[in-house]
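One structure is given below, encoded as structure tokens.
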Amino acid sequence: MAAAQRIVIDNCAIATVDAGDTEHASGHVIIAGNRIEAVGGGRAPEGLEDVVRRIDATGHLVTPGLINTHHHFYQWITRGLATDHNLFNWLVALYPTWARIDESMAYAAAQGSLAVMARGGVTTAMDHHYVYPEGSGDLSGAIIRAARETGVRFTLARGSMDRSEKDGGLPPDFAVETLDDALAATARTVDEHHDASFDAMTQVAVAPCSPFSVSTELMRQGAELARAKGVRLHTHGSETVEEEKFCHELFGMGPTDYFESTGWLGEDVWMAHCVHMNDSDIAAFARTGTGVAHCPSSNARLAAGIARVPDMLAAGVPVGLGVDGTASNESGELHTELRNALLINRLGAHREAALNARQALRLGTYGGARVLGRAAETGSLEPGKLADLVLWKLDTIAHASIADPVTALVFGAAAPVTASFVNGRQIVADGRLLTVDEDAIARSTRTEAQRLARITAQG
Ligand SMILES: [Zn+2]
């Protein structure tokens, strides 16, 4: 086997986000092939062989790539609608539009979502896709193709809904699948696309949408399917007071107890939101190792409330960050979630002690890797891990007068990305994607958004 080609990055501040939060004011990172070979203070050692590139990263902070743990890519073409609604009213307003999506819309929307995140320092993305209208084509295949072309590491959470209005659910009857179809299609997606290897670029999770859009049987059998296949489980949980009320009325218990009764607590599960959690809910998540995708901007946009992230972290619950779908977070950028997680949690009970800058960075990197089940592979800068990392430029007018680089990144404006590497491959240079044509994607997302609006208006 040929020796791995090396890329040497010198003269940068480094936040490794390893277990000891090791940082270097001026250090080096050596990439060999698709792995991190070395991280340390000072300059890289002289005399390294097979060096194909040297980067002088003066003025930069290098961190692990950002990891997004909750999203709905298709919503990229339904942004800016139902802007003054709570979750349930927003969903009811948007379901009829969403039920019209087809393969080329899903592909364009995935491209838009991925491009914006990747350009902003995301190296691992996920898409919880749960709208599969009859005859809409191979939506999962289109989404995965978009992720491969963008070059980010990716988890497709194959979602589903089978509890419509006629069964007391929230979505209209025409927007859902049957129980059998949903399970069969999910199993097929896992078989076709899930890669269990260390450096996998594509993984699949089983992801029925939420208690109010999914039958108890689909929750149960979905969990059994995921465990039989050895893949992870994802859903929405405890997002709003309305959901809590729905669970009490329909199931006679709160969301966390309902999840427990259907096999949905465990180390292989992560859930979006978890805003309305009491002490015993948090204890149940901690005891079982159930993860949380914290989505502060979306929770604010839909007036859902403030998740108790400091309490979750104190209890030992794994927590990552998510942008959520861009119909409830129009920016779709994860680096702003570092800042919003910190600021919004400080509005809660713990005030200024809620989160600090380093904890926010950890949520967006290592925490995300942990909830996606990939903490051994990515999420921190350590020898042997995959080379997923970002060079943030902090010497421009936006940040140069802030002394501490992690404070500059988290508290300051969105920092320019000079370079982003995924699996040892550079996908962003000076804020532009090297893998796909951003301007072409901007045009196609506009065209598909207009086409969807037109089809919906025709009824
Ligand atoms: Zn969501």
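The values are calculated or read from the model by the stated rules, or taken from the named source; none is laboratory data. Since the model is a prediction, treat every value here as computed from it, not as a measurement. Note: ideal-geometry Cβ built from the backbone for every residue, glycine included; neighbour counts use all protein chains shown.
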Among what's in the stretch 124-145 and is away from the ligand (no atom under 16 Å from the Cβ) and hydrophobic (A, V, I, L, M, F, W, C), pick the residue that is nearest to Leu179 (Cα to Cα).
Leu139
Just name the residue that is farthest from Ala360 (Cα to Cα) out of those in the stretch 375-393 that are surrounded by fewer than 22 Cβ atoms within 10 Å (Cβ to Cβ) and touching a Leu at 6+ places or on another chain (Cβ under 9 Å).
Glu377
Picked from the stretch 262-273 (must be within 18 Å of the chain's Cα centre (by Cα) and more than 13 Å from the ligand (Cβ to nearest atom)), the residue surrounded by the most Cβ atoms within 10 Å (Cβ to Cβ) is Val269
Please note which strands (runs of 3 or more DSSP E) are completely contained in the stretch 25-124 and include at least 1 residues that are surrounded by fewer than 18 Cβ atoms within 10 Å (Cβ to Cβ) and touching a strand residue (DSSP E or B) at 6+ places or on another chain (Cβ under 9 Å).
35-41, 51-56
Need a quick list: helices (runs of 4 or more DSSP H) entirely within the stretch 218-314 having at least 3 residues that are in contact with a Phe, Trp or Tyr (Cβ under 9 Å, 6 or more places away or on another chain).
241-251, 255-261
Of the conditions (1) within 30 Å of Leu386 (Cα to Cα); (2) surrounded by fewer than 24 Cβ atoms within 10 Å (Cβ to Cβ), Ala284 satisfies every one except a single condition; which number is it?
(1)
Exactly one of Gly252, Gly222 is more than 16 Å from the ligand (Cβ to nearest atom) and buried (at least 19 other Cβ atoms within 10 Å of the Cβ), and that one is Gly222
Pairs needed: first member in the stretch 53-79, assigned by TED's automatic domain parsing to the domain that holds Pro416; second member anywhere, among the basic types (Lys, Arg) and away from the ligand (no atom under 16 Å from the Cβ); C-beta distance under 7 Å; at least 6 residues apart or different chains.
Gly59/Lys393; His60/Lys393
Do you know which of the residues in the stretch 274-300 that are touching a residue at least 40 places away in the same chain (Cβ under 8 Å) and more than 17 Å from Ala354 (Cβ to Cβ) is farthest from the ligand (Cβ to nearest atom)?
Asp281
Condition met for Asp199 (assigned by TED's automatic domain parsing to the domain that holds Ser140 and assigned to a helix (DSSP H, G or I)):
no
Selection from the stretch 141-172 of residues that are small (Gly, Ala, Ser), crowded, with 24+ Cβ neighbours inside 10 Å and within 29 Å of Phe246 (Cβ to Cβ)
Ala157, Gly159, Ser160
